[in-house]
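All remarks here apply to the structure that follows.
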Amino acid sequence: MSSEPRNTMRLKGDLSLFSVVLFGLAYISPGIVVTIFGVVAATSGGAAPTAFAVATVAMLLTGLSYAKMARAVPGSGSVYTYARRMLDGRIGFLSGWAMLLDYFFIPMVGWLITAIYFNAQFPDVPKWVWLIVSVALTTGINAFGMKLADRVNKVLMFIAVGSLVLFATLCVVFLGKHGSSAPVTDSLWNAGTSIGAITAAAAIAAYSFLGFDAVSTLGEEARGGARTIGRGIIGCVIAAGAIFIVLSFVMQLVHPGAQFADVDAAAYHLKVQVGGETYAEIINFVTIAGSIASCIALQASAARLMYVMGRDGVLPKAVFGRLSAKTGTPVSNLLLTAAAGVLAMKLDLTTATSFINFGAFLGFAVVNICVIAHLVRERRRGRRLGLFSYLVMPVIGGAVSVYLLTQLGDVALQIGGVWLAIGVVYLAVLTKGFRRPAPEMTFDDDTAATDRATR
């Protein structure tokens, strides 16, 4: 590897903490709280903000575990890298393989959602045309490097967040004029609410946070490295949680209770209720901006995870482990994700999203296990890490992740299981029947730090 040009082996550290948090928010796409409000409110018995608050705490536990691992194991790679270092190379491979199911195909879902928004705004243009336009646009932006992607992402995220602020403001104005038809406390807990209902709704609401872990893939591109990544992960979860709780609270006040004519269309009807039909149509266009920002982040994370696995020889290096000499980006990986995105022309949104959560929740569980393994290692070396922070909290976080995994539908579990089985077979071939170790990292953290310092 030392004979290879340096610019093909390292990613550049240009991102600030603010950019990292915005990247994570773009991946999450905070506007999703509006989209799924009806489902969460109906499931929780009319206490959507409470469900989102429980989900925020649950995701924060895993977020703290990610932050601990980002400090303990600097560099890109997410759960793949953490599991390799803390558990075993083969477990690391399978963890990365499971996450690939999420990372590789979730951009496809993002592009499909963007195409749906475009088609709703311009129904005369077929959805597949907008899909191609969305794929080409985000791939082009990402191919020119993270600096351009970061700038575009900031502009689009400010537009998207601005639209959410406007919506929240209109809800408050509406409440100021008409009030709520139920007591304020009913939006948090009421006669139709139960612990079981809140738990079930929180499991749905937790899907809204999927993507905060993508921040960990930027370990080599963040100024300040692991410290920035750790703070970025926590900041991303807290910021997303705050947005989800506040928005769901005002929405629940505007529409108390759990009864909706159509839970999937609840968001549109609320927009019409507080702002009128013209506003509802305009805000759909604004939502497109946030969706494109999300697609930029989704694709960038997928390409970078595949790059790290290719660079290590886990995936074919000639295809996955190369960076463009001109832009310093993994162009071949970007094109692969773009190709997968085109498949969305043959899928509906329900099918496309049915299997990506398997890898995410499995990865969350593994990261929490990695924190416990780190505790054991450090204690053997004589360093006494806090039991509550490094044992109790990750145990709870891991249990929550496993619970969420069990809440997935049969199709998701079956596809996830098949994907994992394929990974085991590929690993067996790669390691000659498990007689050889999985490929190891060929660079160290000191080299990474030196590279940043010389730029």
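No lab work stands behind these numbers, since they all come straight from the coordinates. The structure displayed is predicted, hence computed values, not measured ones. Counting neighbours? That spans all protein chains shown, and the Cβs are built from the backbone with ideal geometry, glycine included.
So the values come out like this:
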item: Label zone at Val319 (point 7 Å along Cα-to-Cβ), backbone N below 17 Å, the stretch 267-309; result: 302-309
item: Distant-in-sequence amide H partners of Leu315 (H built 1.01 Å from N, under 5 Å); result: Gly310
item: Sorted peptide list for 413-420, 204-211, criterion being average Cβ within 10 angstrom, highest first; result: 204-211, 413-420
item: Amide H contacts under 5 Å for Leu15, placed H, 5+ residues apart; result: Ala222, Arg223
item: Total lysine pairs under 21 Å (Cα atoms) in the chain, excluding pairs fewer than 8 apart on one chain; result: 9
item: Computed over the chain: relative contact order in percent, which uses C-alpha pairs under 8 Å that are six or more apart; result: 34 percent
item: Whole-Hz ³J(HN,Hα) from phi, Karplus 6.51 cos²θ - 1.76 cosθ + 1.60, for the stretch 231-242, glycine and proline x; result: 5, x, 4, 5, x, 5, 5, 5, 4, 5, x, 4
item: Rounded, prolate or oblate (a/c below 1.5 giving rounded, otherwise prolate when a/b exceeds b/c) for the stretch 171-217 by Cα gyration tensor; result: oblate
item: Mean Cβ count within 10 Å, highest first, over the residues of peptides 110-119, 312-321, 423-432; result: 110-119, 312-321, 423-432
item: Nearest-ten-degree value, helix 32-44 long axis tilted from longest Cα axis of the chain; result: 70 degrees
item: In Å, descending, principal axis extents of the Cα set of the stretch 238-380; result: 55, 45, 28
item: Three-way shape label, the stretch 244-310, alpha-carbon gyration tensor, a/c 1.5; result: prolate
item: Calculated P(r) tail over 43 Å for the chain, as whole % of Cα pairs; result: 12 percent
item: Residue-span extension gain [Arg383 to Gln414] - 0.36 nm each, minus C-alpha spacing; result: 7.0 nm
item: In nm, spacing of pseudo-spin labels at Gln273 and Val184 (7 Å Cα→C-beta vector); result: 1.9 nm
item: In order through the stretch 58-73: 3J(HN,Hα) via Karplus (6.51 cos²θ - 1.76 cosθ + 1.60), integer Hz, x for Gly, Pro; result: 4, 6, 5, 4, 5, x, 5, 5, 4, 5, 4, 5, 5, 6, 6, 10
item: Cβ-Cβ FRET estimate between Glu281 and Val57, R0 fixed at 51 Å, reported to 0.05; result: 0.90
item: Vicinal HN-Hα couplings computed from phi for the stretch 116-128 (Karplus, 6.51 cos²θ - 1.76 cosθ + 1.60; Hz; Gly/Pro x); result: 5, 4, 4, 5, 5, 7, 10, x, 6, 9, x, 4, 5
item: Computed Rg/Rh of the stretch 174-310, alpha carbon atoms with Kirkwood Rh; result: 1.05
